[in-house]
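Reviewing the structure listed below.
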Amino acid sequence: MKSILLKEIRSFFSSLVGYIVIILFILISGLFMWILPDTNMFDYGYASLEKFFSFVPWILIFLIPAITMRMLADEYKSGTIEMLSTKPLTETSIILGKFWASFFLVCICLLPTLLYILTLESLAVTANNLDTGGILGSYIGLLFLISAFTAIGLFCSSLTDNQIIAFLIAVFLNFILFQGFESLSALPSFSGGLDYLVSQLGLTFHYESISRGVLDTRDLLYFASVSLLFIFATRLSLQKRKWS
């Protein structure tokens, strides 16, 4: 697993693609954070990262599939998946190596956003007025969301040898799990308590719950279950391709 992880990280940073992905994430999040109306901090008027944590999942819906789309699809296309299978590596080791490599790469993209905390602290009228508990909880929620999106993206990459198709399927599934159930719960037919149950099926409900600064085991188990479910589905997809 470690060899796969290191190989993917080296591959990511040995080409311009890796740096372009990081720069694009910083630029897009910076535009939303400081320039675009309705989301920038100057119009918001409060020294809070609440706006950032509300729009960054939408960036990740596209960013993470862009990172994961080549993880297995490229192995299929180049034929190296057979070579990996002949080595003393199990399907689980291959999948987990690529999963943690993708997770690490997304976290690298996220690291520069920690500077936003220092910037807001310097802009705040009152010193030491940031809700550090809420910010910490939001970052933890973001890490769990990244885990789920990464597992979904990896599964989609295992379905095809076409990176673009893997990207599109992953974006679609990410959107459905993040916003689909939330939109479904808003329908009048799901009123009367059923709307709450439907919203609990989606990622948004649990992400927002953790972002409040309270780590509920139900939210953690939900994210762990989604990640493990798609990792298991990826393993089944690899085995199916191996025996077909």
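Quick notes
- Taken together, THR150, THR160 contain a single residue that is within 22 Å of PHE25 (Cα to Cα) and either of a type outside the set (A, V, I, L, M) or out of contact with any strand residue (DSSP E or B) (no Cβ under 8 Å at 6 or more places or on another chain) (or both), which is THR150.
- Of all residues in segment 188-244, those satisfying the criterion of being touching a helix residue (DSSP H, G or I) at 6+ places or on another chain (Cβ under 8 Å) and assigned to a loop (DSSP other than H, G, I, E, B) are GLN200, LEU201, GLY202, ARG212, GLY213, VAL214, LEU215, ASP216.
- Residue satisfying all of: in segment 54-86; surrounded by fewer than 19 Cβ atoms within 10 Å (Cβ to Cβ), at pLDDT below 80 and of a type in the set (A, V, I, L, M, F, W, C); farthest from LEU5 (Cα to Cα) among these: MET83
- For the residues SER138, SER147, the requirement of being assigned to a helix (DSSP H, G or I), under 30 Å from THR80 (Cβ atoms) and not aliphatic (A, V, I, L, M) singles out SER147.
- Segment 2-53, subset at negative phi and acidic (Asp, Glu), residue surrounded by the fewest Cβ atoms within 10 Å (Cβ to Cβ): ASP43
- Flag if LEU136 is of a type in the set (A, V, I, L, M) and closer than 26 Å to THR68 by Cβ: no
- If you go through segment 171-187 and pick out every residue that is outside any helix (DSSP H, G or I) and modelled with pLDDT of 90 or more, you end up with 0.
- Scanning segment 199-244 for residues that are more than 26 Å from GLY134 (Cβ to Cβ) and of a type in the set (Val, Ile, Thr) returns ILE231, THR234.
- Contact annotation: residue pairs with Cβ atoms under 8 Å, 6 or more positions apart or on different chains, pairing a residue in segment 1-21 that is under 15 Å from MET71 (Cα atoms) with a partner that is part of a helix (DSSP H, G or I) and hydroxyl-bearing (Ser, Thr, Tyr), are MET1/SER93; ILE4/SER93; GLU8/SER102; PHE13/TYR19.
- Among the residues of segment 166-208, the one identified as touching a residue at least 12 places away in the same chain (Cβ under 8 Å), more than 26 Å from THR234 (Cα to Cα) and of a type in the set (S, T, N, Q) is SER185.
The values are calculated or read from the model by the stated rules, or taken from the named source; none is laboratory data. Since we're looking at a predicted model, the values are computed, not measured. Note that each Cβ is placed from the backbone with ideal geometry, even for glycine, and that neighbours are counted across all protein chains shown.
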